[in-house]
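Trainee: For reference, the structure I am asking about is given below.
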Amino acid sequence: MNLPDKKGHFGLFGGKYVPETLMPALAELEANYLKFKADEQFKAELAYYLKHYTGRPTPLYYAERLSEHLAGARIYLKREDLCHTGAHKINNTLGQVLLAKRMGKRRVIAETGAGQHGVATATAAAMFGLECEVFMGQEDIERQELNVFRMRLLGAEVTPVTSGSNTLKDAINEALRDWVTNVEHTHYVIGSVVGPHPYPMMVRDFQAVIGQEARQQIMEAEQRLPDYLVACVGGGSNSMGLFYPFVESPQVKIIGVEAAGLGLDSGKHAASISAGAVGVLHGSMSYLLQQADGQITPAHSVSAGLDYPGVGPEHSYLNDTKRARYFSVTDEQALSAFNLLAQLEGIIPALESAHALAYLEQLVPKTTKDEIIILCLSGRGDKDVQQVSQIMEDEA
Amino acid sequence: MSRISDKFAQLKSQGQRALMPFISAGDPNMETSYRLLFELERQGADIVELGIPFSDPIADGPTIQRASQRSLQNGTTVDDVLALVRRVRQTSQLPLVLMTYYNLVYHYGEEQFVKAALSAGADGLIVPDLPPEEAGNLLKASDSQGLDIIFLLAPTSTPDRIELVSKSSRGFIYYVSLTGITGARGELAQGIKQQVQAIRAQTDKPIAVGFGIANAEQAAQVAAWADGVIVGSALINIIENYLDDKQMLVKKAGEFICSLKQGIRS
């Protein structure tokens, strides 16, 4: 598939909707990315760190007890939760920070919601010796104290954002404002397949290692491709990473799971594709949560990593071309799946990944034992146990 | 010729530069914006930039962000701002340039937006997150109907981008004086003169300079190089000081514009 096109569009979606100051920087980034993408030495260096630092390849684990419990298809978990720092985010930050270093930038900045991407950026910056500043909404700083401490421990400066709704979307606004100001010596490490071109393409390519490995691993385990791929979608980087190497294999059905929060009818959710409309935010055109006149509405999800009012433009494209289908599950369903995986498999998933797991309750009963599902377990739940314990206490 | 081009031509023939203040429509309310527009005109504003507030203004610093928030808290919509333009236009020929972010224009429908803006009496439109590359539909709509779409250049703009923007922009070219977001600064950025000259080498269109200009002295300096001087955050800082006394707000804003005008004329 040759998307995005030269101007960064996936059909209607994507593009470069940014202030003029950034247009030359995006062109420079794209040129450098394309150059290093084809550079054997760069590829070898990235592969080295992915193997020896991150711990790749991550296992593709057959979840036997979960499969028995749901009594349908055989379920394989792609264990991104076993990556260094606890989630798939490091695949992208290693790639981008290595690229920033090759481009001669001395400083990287990042936005973070739950703190996972901030930690992964701070980690890569520490390892490659670059300055790092992470923008984080004041509200998220208060609910993710531990990750704030981790980032500071890793040498990053964490800057509270107190504009707008004090959450992830505002942290992105602030990171973009910093980048506009310091573009000469700073690279902005965007954490998902969102933002202006070339970010959705570049982050997808760095995350595609998930799907490339899974494809090889399932061929070894089952001698055939899976029937279904399932992954959670906030901005959509773990899902795009898993999906992309299978997009041109039409026998593989692709399913993205969005966060329905308190329910799609409640207005408190983060399901941009399922319940949003097309618009432009943070540099690209995609599905967004917004009022009828185009003012952006804050998202809600129990999972901070899915709490974003937009989605990567390529997901919007896969949805509109019907190559992938997008569903949503509520906070409550995700919490129940969080518990289920812990009890049946001894794996505590991230709340984000728990959304993908929760969708299995709807999907698996419609499948047979001959079918195969690969689910991206994008991160581990250590960061969430305190929050979940609080929720259980409040409910008790 | 549009009201904007006419104004620049008229000023040029008098050896003058355009003073272009920015306010966020509906900050702190529409009635005050209405009175402000007349006071700004009376004190020497040649063209006024009127912001339609957006929830996520990525090109703006804290001052204009707060102004947008104050206006949005009153529920300001695109149609409210166009109603203000219509009301002003009944008695004034002051050229008015709308400034907003692309999502609001996209949702309104580009053709409908251009039509509604012109019918209300607006003259131009600045969309800071819409470079010419993505502006095909808006340009098509505005070219056929006659609204000036103004594009921006920045210190980072390369020669090929200066050429593209100079070609695409109508009414004038907005040169962003610094690599950064809107906001009053203590000192002018370096290299404004050289960049304005580089743009002038590519085009006869008027060039207005904005971002970071905070006082009469800086305005005078910029007026020596460019055809227009844009002042936003410094004006809004004054507005912010008098939110509880609308009469003083209008008076003090007017005095500030008067001081800028004197600076530009000197």
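The values are calculated or read from the model by the stated rules, or taken from the named source; none is laboratory data. Because the structure is a prediction, the values reported are computed rather than measured. Counting neighbours? That spans all protein chains shown, and the Cβs are built from the backbone with ideal geometry, glycine included. Accessible surface is based on the protein model in full, side chains and every heavy atom, while ligands, DNA and RNA are left aside. Shrake-Rupley method; radii C 1.70, N 1.55, O 1.52, S 1.80 Å.
Trainee: Would region A:144-158 turn up any residue that is under 21 Å from the mean Cα position of the chain (by Cα) and under 12 Å from residue A:283 (Cβ atoms)?
Mentor: The answer is no, given that none of the residues of region A:144-158 is under 21 Å from the mean Cα position of the chain (by Cα) and under 12 Å from residue A:283 (Cβ atoms).
Trainee: Restricting region B:45-56 to residues that are of a type outside the set (Ser, Thr, Tyr) and facing another protein chain (nearest Cβ under 8 Å), which is nearest to residue B:19 (Cα to Cα)?
Mentor: In this case the residue turns out to be B:54.
Conditions (1) open to solvent by less than 30 Å² (accessible area, probe 1.4 Å); (2) assigned to a strand (DSSP E or B); (3) charged (D, E, K, R); (4) at pLDDT 95 or above, marked per residue:
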| position | (1), (2), (3), (4) |
| --- | --- |
| A:75 | yes, yes, no, yes |
| A:122 | yes, no, no, yes |
| A:132 | yes, yes, no, yes |
| A:135 | yes, yes, no, yes |
| A:142 | no, no, yes, no |
| A:149 | no, no, no, yes |
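Trainee: Separate question: Considering only residues of region B:1-47 that are hydroxyl-bearing (Ser, Thr, Tyr), open to solvent by less than 50 Å² (accessible area, probe 1.4 Å) and in a helix (DSSP H, G or I), which is farthest from residue B:126 (Cα to Cα)?
Mentor: Going through the qualifying residues, I end up with B:32.
Trainee: Just to be sure before I move on: is residue A:214 away from chain B (no Cβ under 14 Å), over 18 Å from residue A:96 (Cα atoms) and either surrounded by fewer than 24 Cβ atoms within 10 Å (Cβ to Cβ) or modelled with pLDDT of 95 or more (or both) in the structure I sent?
Mentor: It is true that residue A:214 is away from chain B (no Cβ under 14 Å), over 18 Å from residue A:96 (Cα atoms) and either surrounded by fewer than 24 Cβ atoms within 10 Å (Cβ to Cβ) or modelled with pLDDT of 95 or more (or both).
Trainee: OK, next. With the requirement that a residue be hydrophobic (A, V, I, L, M, F, W, C), assigned to a loop (DSSP other than H, G, I, E, B) and buried (at least 19 other Cβ atoms within 10 Å of the Cβ), what does region A:41-73 give you?
Mentor: The answer is A:63, A:73.
Trainee: May I pose another question? Could you please find all residues in region A:239-267 being closer than 17 Å to residue A:314 by Cβ, open to solvent by less than 10 Å² (accessible area, probe 1.4 Å) and within 14 Å of the chain's Cα centre (by Cα)?
Mentor: A:239, A:240, A:241, A:242, A:243, A:256, A:257, A:258
Trainee: Taking the stated definitions as given, is residue A:155 away from every other protein chain (no Cβ under 14 Å), touching a helix residue (DSSP H, G or I) at 6+ places or on another chain (Cβ under 7 Å) and assigned to a loop (DSSP other than H, G, I, E, B)?
Mentor: yes
Trainee: So, one more: Among (1) assigned to a loop (DSSP other than H, G, I, E, B); (2) open to solvent by 20 Å² or more (accessible area, probe 1.4 Å); (3) without any contact (Cβ under 8 Å) to a residue 40 or more places away in the chain, there is one condition residue B:213 misses while meeting the rest; what is its number?
Mentor: For residue B:213, the exception is condition (2).
Trainee: Those residues that are open to solvent by 30 Å² or more (accessible area, probe 1.4 Å), within 21 Å of residue B:127 (Cα to Cα) and modelled with pLDDT under 95, I need them from region B:179-210; list them, please.
Mentor: B:179, B:184
Trainee: Is there a residue in region B:162-174 that is under 19 Å from residue A:177 (Cα atoms) and either basic (Lys, Arg) or free of Cβ contacts under 8 Å to residues at least 60 places away in the same chain (or both)?
Mentor: yes
Trainee: Of the residues B:164, B:147, B:139, which single one is touching a Pro at 6+ places or on another chain (Cβ under 8 Å), more than 14 Å from every other protein chain (Cβ to nearest Cβ) and at pLDDT 95 or above?
Mentor: When all the criteria are applied, what remains is B:139.
Trainee: Might you let me know whether region B:22-29 holds any residue that is more than 23 Å from residue B:149 (Cα to Cα) and touching a helix residue (DSSP H, G or I) at 6+ places or on another chain (Cβ under 6 Å)?
Mentor: Yes.
Trainee: Another question, then. Could you check how many residues of region B:157-178 are in a loop (DSSP other than H, G, I, E, B) and surrounded by fewer than 19 Cβ atoms within 10 Å (Cβ to Cβ)?
Mentor: Number of matching residues: 1.
Trainee: Here is a follow-up. Here is a list: A:292, A:299, A:270. Which entry is touching a His at 6+ places or on another chain (Cβ under 9 Å), surrounded by 24 or more Cβ atoms within 10 Å (Cβ to Cβ), within 14 Å of chain B (Cβ to nearest Cβ) and part of a loop (DSSP other than H, G, I, E, B)?
Mentor: Checking each option against the conditions leaves just A:299.
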